[in-house]
Amino acid sequence: MLSAGRPLELLAARAYCWQYACGVPGKKNSLFALFCFFFLTSCLSSPAARTLASVLGKSKGPSLPPSFVLRGVAEYGATQQIQVDYEETVKKAKEAWKVWADIPAPKRGEIVRQIGDALRQKIKVLGSLVSLEMGKIFVEGVGEVQEYVDVCDYAVGLSRMIGGPILPSERPGHALIEQWNPVGLVGVITAFNFPVAVYGWNSAIAMICGNACLWKGAPTTSLVSVAVTRIIAKVLEDNKLPGAICSLVCGGADIGTAMARDERMDLLSFTGSTKVGKQVALMVQERFGRSLLELGGNNAIIVFEDADLNLVIPSALFASVGTAGQRCTTARRLFLHESIHDEVVAKLAKAYAQVRIGDPWDSDTLYGPLHTKEAVKMFLDAVEQAKQQGGSVVCGGKVINRPGNYVEPTIVTGLPHNAPIVHTETFAPILYVLKFKSHVTCMQLSQCFRKPKGSDCGIVNVNIPTSGAEIGGAFGGEKHTGGGRESGSDSWKLYMRRSTCTINYSKDLPLAQGIKFQ
């Protein structure tokens, strides 16, 4: 654990920033490493961020209680110190909420607007940092920050619209009102693959609803978390508001577990794997808390014999290869009618061969590395299981011989629909192509979202890829995806608590349902 005033840890923090910035191979690394080093260790003026500055040896002022905890940079501290820092951070966030909740919603919207503008000003810098830490290509890194900006714009308008209806009362002289109030402190645990956007979806909406936020980003993208928090803190404190309204904790499973079990977390939003999400849900439910789960997705594209292949090929390509298969919306199954199966596979394999693989910062690159060595191993294990279960590798299936965690985008055919590996989400660029022929099956698949019962999927797209959701709609999925909804539509309701208020304006006391009690 890092605390201000420990000389060895100051050196360790600087060494970590430098090593992390140099960790991705590429011709621009040395310059960008210098940028990361000085950007993250520069003098920070805001009290909310000054703890980090003092940790990094740049703050000349007194050590202040942290509005965020930086963990994972050095391991000199003990578990007890971790808990002390976490407790202090939560305490500051709860205190800040009392100030924030009293501000009128449209005024809160104005602050969120300023946060969006501050992100706009640094969009390319942050996009580069996302690309550095996560590994996605630069344009996707910038696009992810743009999502946060877009959600801020959306939240500004929403801040003047949230509210409940006035309902008709069956009793004379009575009014029935639905009142929406902030839940309090919203814990936000995000994953490595979208280290900026997912926090933006949650925080921008949660803030205009009157909540404070406590963010725990992925341990492997801590630099992004620190940079974003610094930007937000400056906006808040420029408006003479506590920076702890948006606090940050960086750590591993121990911090996440503490948040899940903490009754002071009035809502816990968790983005991650289905396996971990189940554990989080149980811990939150054990204390009768509220959770918002955004978990895995084993997404499918269904292609019928009359489909326009000029749409099918690029859609399937982007959905399966974009972000190197590391999206919860990545297409992992491709159902093809038998009459077009061979043609589509051939054209798709040709398109795969043309994907430009390389340095994520290179503007020509379409496909970068996987995030970790563990992801590479997971990829190889899945390919081997697919072969053992009867699949044939049409293209890909191997590690690319170059520095970094690069693997070949892979297409597998010949597997039965019920093969275990087909039903397993592997967070890697593997596409299982499955054949169907029955007209009945075709009709069942094509009409599943048009019948009165509807689809059992949270997102249903027609003639577009599975990836690339717009922020105006509610984002989320059903079943093992967790059922949570973020971003647009009426997702704001998840960040508030509802009270049904009955007001008697009359001099009488009639009871509901005509009950007489005299």
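Considering the stretch 264-287 alone, what residues qualify as being open to solvent by 50 Å² or more (accessible area, probe 1.4 Å) and of a type outside the set (S, T, N, Q)?
Going residue by residue through the stretch 264-287, those that are open to solvent by 50 Å² or more (accessible area, probe 1.4 Å) are 264, 273, 275-276, 278-279, 282, 285-286.
Hits for the stretch 264-287 are Arg264, Lys275, Val276, Lys278, Leu282, Glu286.
When Val376, Val394, Val383 are screened for being more than 29 Å from the chain's Cα centre (by Cα), surrounded by 18 or more Cβ atoms within 10 Å (Cβ to Cβ) and of a type outside the set (Ser, Thr, Tyr), only Val394 passes.
Is it true that Ile231 is more than 28 Å from Cys152 (Cα to Cα) and open to solvent by 10 Å² or more (accessible area, probe 1.4 Å)? It is false that Ile231 is more than 28 Å from Cys152 (Cα to Cα) and open to solvent by 10 Å² or more (accessible area, probe 1.4 Å).
Among the listed residues Met283, Met207, which satisfies the condition of being among the hydrophobic types (A, V, I, L, M, F, W, C) and either free of Cβ contacts under 8 Å to residues at least 24 places away in the same chain or within 21 Å of Tyr154 (Cα to Cα) (or both)? Talk me through it step by step, then tell me what you get.
Working: Met283 fails: either free of Cβ contacts under 8 Å to residues at least 24 places away in the same chain or within 21 Å of Tyr154 (Cα to Cα) (or both).
When all the criteria are applied, what remains is Met207.
Of the helices (runs of 4 or more DSSP H) lying entirely inside the stretch 152-263, those carrying at least 3 residues that are touching a Ser or Thr at 6+ places or on another chain (Cβ under 8 Å) and at negative phi are 197-208, 222-238.
Taking the criterion of being touching a Cys at 6+ places or on another chain (Cβ under 9 Å) and crowded, with 16+ Cβ neighbours inside 10 Å, the only residue of the stretch 352-373 that qualifies is Tyr352.
Each residue in the stretch 302-318 was checked for being open to solvent by 30 Å² or more (accessible area, probe 1.4 Å) and within 21 Å of Gly458 (Cβ to Cβ), and 2 of them qualify.
On the stretch given as the stretch 467-498, residues that are open to solvent by 30 Å² or more (accessible area, probe 1.4 Å) and among the polar types (S, T, N, Q) total 1. When Gln83 is tested against (1) part of a helix (DSSP H, G or I); (2) modelled with pLDDT of 95 or more, just one condition goes unmet, and that condition is (2).
The values are calculated or read from the model by the stated rules, or taken from the named source; none is laboratory data. Small disclaimer: the values here were computed from a predicted structure and weren't measured. Cβ atoms come from the backbone with ideal geometry, glycine included; neighbour counts cover every protein chain shown. All accessible areas refer to the heavy atoms of the entire protein, side chains included, with ligands and DNA or RNA removed. Shrake-Rupley method; radii C 1.70, N 1.55, O 1.52, S 1.80 Å.
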